[in-house]
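Participant: Below you will find the structure I want to go over with you.
The values are calculated or read from the model by the stated rules, or taken from the named source; none is laboratory data. Source: prediction; values computed, not measured. When we count neighbours, we look across all protein chains shown, and the Cβ atoms used for this are built from the backbone with ideal geometry, even at glycine. Surface accessibility is based on the protein's heavy atoms, side chains included, excluding ligands, DNA and RNA. Shrake-Rupley method; radii C 1.70, N 1.55, O 1.52, S 1.80 Å.
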Amino acid sequence: MATGNTFDVVVIGAGPGGYTAAIRAGQLGLKVACMDAWRNEQGGPAPGGTCTNIGCIPSKALLHTSEHYENARRHFADHGIRIESVAIDVEKMLARKRAVVRQNNEGILYLFRKNHVTFFNGQARFEGRDAGAYRIGVSGTDTVVSASQVVVATGSVARPLPGVAFDEQRVLSNDGALAIPQVPRRLGVIGAGVVGLELGSVWRRLGAEVTMLEVLPAFLPAADEQIAREALKQFTRQGLKIQLGVNIEGVDVSGDAIKVRYQDAGKAGGSLECDKLIVSIGRLPNTEGLNGQAIGLKLDERGFVEVDAGCRTNAPGVWAIGDVVRGPMLAHKAEEEAVAVAETIAGQHGHVDLDTIPWVIYTAPEIAWVGKTEQQLKASGQAYRAGTFPFMANGRARAMGDTAGLAKVLADGETDRVLGVHIVGPLASELISEAVLAMSFQASSEDIARIVHAHPTLSEATREAALAVDGRALNF
Ligand code: FAD
């Protein structure tokens, strides 16, 4: 029985993985403590991790503002709305973003109180294990708590370019890229992945000339090739300059000037001069300061905490979830693992299906997918049928004036079971939920095609793509 500073469960980290694990464990009647080191500018607690503070939430706030701005400048006139002059107040935009972040921080603290989670705002450190209970210290205090069950949810940090440290003034990680005080004239982005595309889009819409350098020869290789081709076409049309197959040779920073030296795909030398440089080349698991050695916590060769399919580490009673373990670095993946682990600790059955985790890129058009890509199906020799439907033929998209992109359904060639759904187009982030639901229930493309979809909605494009699997789209 837990008493005083003894808890049933201690959760280390209050990102989407950690705070969700703590809340769910609290709901299940366990005595829970959650520790998180993040502080806001005033020195107060800022639970929510990367996602809330410098990731999902602030990036979506800026994407939304910049999309409004671009619509006002370029697209409202198509609707007959005349605006004489439009200006962006970057300071106000950033203040709004900070307010959105703060609301989310406060929301998590409220949920902790509601679910009787004891929160410690400090760095947690394993001190050892006595009689089956782990001792965990909290930095800046003499608090030591103990628990037999510990959930490690310490997340990830931005990966720097070798030899080029983030100074967050000129060379920016996602943190600095979400807080540039003025629209830069020339913005360089190294890495055309999800984070680079989203943040590059924000500043391009606000007026920066954005050049993205990507080492891989293919654009968004994790996405379906047809979808990636369409997205690249749209982004290029909008003015994002994306160079693929580029090898970075060095970055020279002197005063306010940044010069990126590289070799392009044709092996010719080139350079990019810019005023700010975002480096978005992936993220590294974060175990710094955790002192996992004190309990013999095993990491894999890439520094991730090693876990089995149920998120158990090698240390008995210690679990790890989210970005600090294998699998996609996505907030909703962390949350699913959190619920599964909390329920398993409480004696229930927890399970996460990594095959039905949706991926989303919140550009315009948005990109979202779940399941296998067409190139994966081809490579595996699996028989499949594909159906596609363009948003140009969707009544709602036309009414919105947002017709770029398509929906694509891939189904098993024999059983018709849905194997993958890929969307590039308006609100793809919302549309993908139907596909996740369908795949989770092992639906066939015919199931999606036979379900009534309201008219006129964007979701009709998904239904039409499902109909197209059988060659019977109605509106194209
Ligand atoms: P984190 O959110 O990284 O949280 C870990 C927490 O643990 C942090 O608060 C950290 O301070 C704390 N911590 C670490 N060590 C200790 C310690 N020893 N003691 C106490 N506290 C500690 N994902 C999406 O699904 N959708 C998106 O739209 C999206 N957008 C993104 C945009 C950007 C710019 C970035 C960078 C990421 C984005 N992500 C998005 C990814 C998402 O942010 C992560 O997958 C998610 O935050 C992982 O959650 P987590 O709980 O594992 O870790």
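Participant: Can you give the accessible area of Leu206, probe radius 1.4 Å, in Å² rounded to 10?
Facilitator: That residue has around 10 Å² of solvent-accessible surface.
Participant: In whole angstrom, note down how far apart the Cα centers of region 352-420 and region 1-65 are.
Facilitator: Value for the Cα centre distance between the two parts: 33 Å.
Participant: Can I ask one more? Report in % the part of the accessible area of the chain that belongs to carbon and sulfur, leaving out ligands and nucleic acids; probe 1.4 Å.
Facilitator: Carbon and sulfur atoms account for 50 percent of the accessible area of the chain.
Participant: Next question, about the same structure. Cα gyration tensor of region 91-170, axes a ≥ b ≥ c as square roots of the eigenvalues: rounded (a/c below 1.5), prolate (a/b > b/c) or oblate?
Facilitator: oblate
Participant: In a shell of Cβ-Cβ distance under 13 Å around Pro181, excluding Pro181 itself, what net charge do Lys and Arg (+1) and Asp and Glu (-1) give?
Facilitator: Result for the neighbourhood of Pro181: +1.
Participant: By average Cβ neighbour count within 10 Å, what is the ranking of 62-71, 444-453 from highest down?
Facilitator: Going by the mean number of other Cβ atoms within 10 Å, highest first, we get 62-71, 444-453.
Participant: Let me ask something else about it. Residues with amide H under 5 Å of Gly420's amide H, sequence separation 5 or more or different chain, H placed in the peptide plane at 1.01 Å from N; which?
Facilitator: Lys372, Leu410
Participant: Beyond 30 Å, what share of the Cα-Cα pairs of the chain remains, rounded to the nearest whole percent?
Facilitator: I get 52 percent for the Cα pairs in the chain exceeding 30 Å.
Participant: Hey, another quick one. Name the shape class, rounded, prolate or oblate, that the alpha-carbon gyration tensor gives for region 119-237, where a ≥ b ≥ c are the square roots of its eigenvalues, rounded holds for a/c under 1.5, and otherwise prolate holds if a/b is larger than b/c and oblate otherwise.
Facilitator: Prolate shape, in that a/c is at least 1.5 and a/b is the bigger ratio.
Participant: Tabulate in residue order the Karplus-calculated ³J(HN,Hα) for region 450-463, using 6.51 cos²θ - 1.76 cosθ + 1.60 with θ = phi - 60°, rounded to whole Hz; enter x for Gly and Pro.
Facilitator: 8, 7, 5, 10, 4, 10, x, 9, 5, 5, 4, 5, 5, 4
Participant: Given a 1.4 angstrom probe, what's the average accessible area per residue across the chain, in square angstrom?
Facilitator: Ligands and nucleic acids excluded, the result is 46 Å² per residue.
Participant: Please work out whether region 397-476 counts as rounded, prolate or oblate from its C-alpha gyration tensor, where a ≥ b ≥ c are the square roots of the eigenvalues and a/c under 1.5 means rounded, while otherwise a/b larger than b/c means prolate and anything else oblate?
Facilitator: The shape class here is prolate.
Participant: If ligands, DNA and RNA are left out, what is the accessible area of Glu464 with a 1.4 Å probe, given in Å² to the nearest 10?
Facilitator: Solvent-accessible area, nearest 10 Å²: 10 Å².
Participant: Ranked from highest to lowest mean number of other Cβ atoms within 10 Å per residue, what is the order of the peptides 280-289, 246-255?
Facilitator: 280-289, 246-255
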